[in-house]
Amino acid sequence: MKQKNKNGMKKGTILISFGLLLIVLALSLTVYNIWDEKRAGQEASEVLEKLTEEIDEPTEEAEAEMLYQMYPDMEMPAIQIDGKRYLGILEIPALDLRLPIMESWSYPNLKISPCRYEGSVYSEDLIIAGHDYRSHFGLLKMLQKGDQMTLIDVDGNQFVYEVAGKEVLAGTDVEEMKSGDWDMTLFTCTYSGRTRMTIRCELISSLTYR
């Protein structure tokens, strides 16, 4: 009988220890996520400050020849900052966001700023991926139809878009992400990580400077 009680107590101690370990791991993950979110926002802010200084300021001079309209397949120019290349700045007033957009995407790059996934603003098929940090694309689901946003390329050209719709796509549904005649698409992971919150946008105006 004593041996049985000892085994029961030992088992209970193990379960308590395991439960405490799970709590510690959960707290550690929470602390890491808070730190990572803060780091991402700070890094994007630092890049944005440097990028803003580099981008040509719009002037009231005559509009330049719209080369990208004549050659929509031309490469978007980029500016290199801290070893990374950026295509411009995305402003989303409804979410109080102003973010640098990196030229090419990778998981390490997404930890710094949203990145071009595919396409170009000039050929009107730009797709931008962003991490689900609140300081990046984590609040995309809050956007409503009609909300406007502006993409400013590194030459100071401004492209204004309007949200036309949003949808949730499977993480593996790459072709569906690229389908449709959308001028710009933004997407990020949902909380589960299995699906993607996808925002479809239409170009409503552009202003070109030199």
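The values are calculated or read from the model by the stated rules, or taken from the named source; none is laboratory data. Please read these numbers as outputs of a predicted model, since none were measured by experiment. Please note: Cβ atoms are built from the backbone with ideal geometry, for glycine as well, and neighbour counts cover all protein chains shown. Please note that ligands, DNA and RNA were not included when accessible areas were found on the heavy atoms of the full protein model with its side chains. Shrake-Rupley method; radii C 1.70, N 1.55, O 1.52, S 1.80 Å.
Is it the case that THR190 is surrounded by 14 or more Cβ atoms within 10 Å (Cβ to Cβ), hydroxyl-bearing (Ser, Thr, Tyr) and either touching a His at 6+ places or on another chain (Cβ under 7 Å) or without any contact (Cβ under 8 Å) to a residue 40 or more places away in the chain (or both)?
In short, no.
Within the stretch 128-210, considering only strands (runs of 3 or more DSSP E) that don't extend past its boundaries, which have at least 1 residues that are more than 14 Å from the chain's Cα centre (by Cα)?
Passing ranges, in order: 148-153, 158-170, 195-207.
From the list SER179, SER123, SER104, which residue is hydroxyl-bearing (Ser, Thr, Tyr) and more than 23 Å from ALA78 (Cβ to Cβ)?
Unique residue meeting the criteria: SER179.
Pull up the stretch 129-185, narrow it to residues that are closer than 23 Å to GLU53 by Cα and of a type in the set (Ser, Thr, Tyr), then point me to the one that is surrounded by the most Cβ atoms within 10 Å (Cβ to Cβ).
If we take residues in the stretch 129-185 being closer than 23 Å to GLU53 by Cα and of a type in the set (Ser, Thr, Tyr), then SER135 is surrounded by the most Cβ atoms within 10 Å (Cβ to Cβ).
Residue check: is SER123 over 20 Å from ALA40 (Cα atoms), open to solvent by 20 Å² or more (accessible area, probe 1.4 Å) and of a type outside the set (A, V, I, L, M, F, W, C)?
Judged against the criteria, SER123 is a match.
Name the residues in the stretch 94-117 that are outside any loop (DSSP other than H, G, I, E, B) and within 22 Å of ILE55 (Cα to Cα), would you?
Residues satisfying the conditions are LEU97, ARG98, LEU99, PRO100, ILE101, MET102, ASN109, LEU110, CYS115, ARG116, TYR117.
Across the stretch 68-93, what is the number of residues that are hydrophobic (A, V, I, L, M, F, W, C), part of a loop (DSSP other than H, G, I, E, B) and open to solvent by 40 Å² or more (accessible area, probe 1.4 Å)?
Matching residues across the stretch 68-93 total 1.
Tell me which residues, restricted to the stretch 144-174, are over 11 Å from MET197 (Cα atoms) and hydrophobic (A, V, I, L, M, F, W, C).
Residues satisfying the conditions are MET149, LEU151, ILE152, VAL154, PHE159, VAL160, VAL163, ALA164, VAL174.
Restricting to the stretch 94-118, name every residue that is of a type in the set (Gly, Ala, Ser), open to solvent by 10 Å² or more (accessible area, probe 1.4 Å) and either free of Cβ contacts under 8 Å to residues at least 24 places away in the same chain or more than 25 Å from GLY180 (Cα to Cα) (or both).
SER104, SER106
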